[in-house]
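What follows is a short report on a single structure.
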Amino acid sequence: MKTSASIALIATVLAFTTPASAQFAKPDDAVKYRKNALFVMQQNFGRVAAMASGKAPFDAKVAAESAAVADYVGKLPWAAFGEGTDKGETRAKAEIWKESAKFKEYADKMQAEMSKLAAAAKTGNLDSIKTAVNATGGTCKTCHDAYRKE
Ligand code: ASC
């Protein structure tokens, strides 16, 4: 096998077998990564939520685009909660690493509801958007109440 082909093969194998946490050079990078992803998600979700509550005028196109971004970016933070990333500038509670199945369940639930919100926003139906915003917001709160420090 040519060297370039072997390197490509090794890279592929590593990509599918390396623990998610190992994709970060240091724990601080993982913390920054998940916080930034959650921030971008929240900014986009918040824009749609403001429309749903009447605090902002409803713009179907902006709502659909923002919900799609929130849906996509909402898939990113979870790989950055690897072992050893419970330190530094984080409000993540230690319970996350003790109750990882429950934490994952909450993260999965949020992503499922955010996907429903993106689907609702794509239809442009404000009533469906409101329902989905409430369901999604509920999953944010459930997880924060359990796993985020004040
Ligand atoms: C947001 C945000 C949250 C949720 C939550 C919904 O926009 O930052 O944590 O919605 O407040 O209850």
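Please treat every number below as a calculation from the coordinates, not as lab data. Quick caveat, the model's predicted, so the values are computed rather than measured. Here the Cβ is made from the backbone with ideal geometry for all residues, glycine too, and neighbour counts use every protein chain on show.
Of the cross-linked pairs Lys32/Lys109; Lys75/Lys122; Lys122/Lys149; Lys75/Lys130, those separated by over 26 Å at the C-alpha level are Lys122/Lys149. Descending by average beta-carbon neighbour count within 10 Å, the peptides 86-95, 63-72, 132-141, 34-43 line up as 63-72, 132-141, 34-43, 86-95, the highest first.
Please give the calculated 222 nm ellipticity per residue for the chain, where each DSSP H segment of at least 4 residues contributes -39500 (n - 2.57) and the sum is spread over every residue; nearest 500 deg cm²/dmol?
Helix-only estimate at 222 nm: -23500 deg cm²/dmol.
A cut-off of 5 Å between modelled amide H atoms, ignoring neighbours fewer than 5 places along the same chain, links Ala92 with Lys149. Shape analysis of the chain yields a ratio of the Cα radius of gyration to the Kirkwood radius, Rg/Rh, of 1.07. Taking the stretch 55-79 and a reference point 7 angstrom along Cα→Cβ of Ala119, the backbone N atoms nearer than 16 Å belong to 67-68, 71-72. Dipole magnitude for the stretch 2-147: computed about the Cα centre from +1 point charges on Lys and Arg Cβ and -1 point charges on Asp and Glu Cβ, it is near 120 debye.
With contacts defined as alpha carbon pairs under 8 Å and 6 or more residues apart, what's the relative contact order of the chain in percent?
Relative contact order of the chain: 27 percent.
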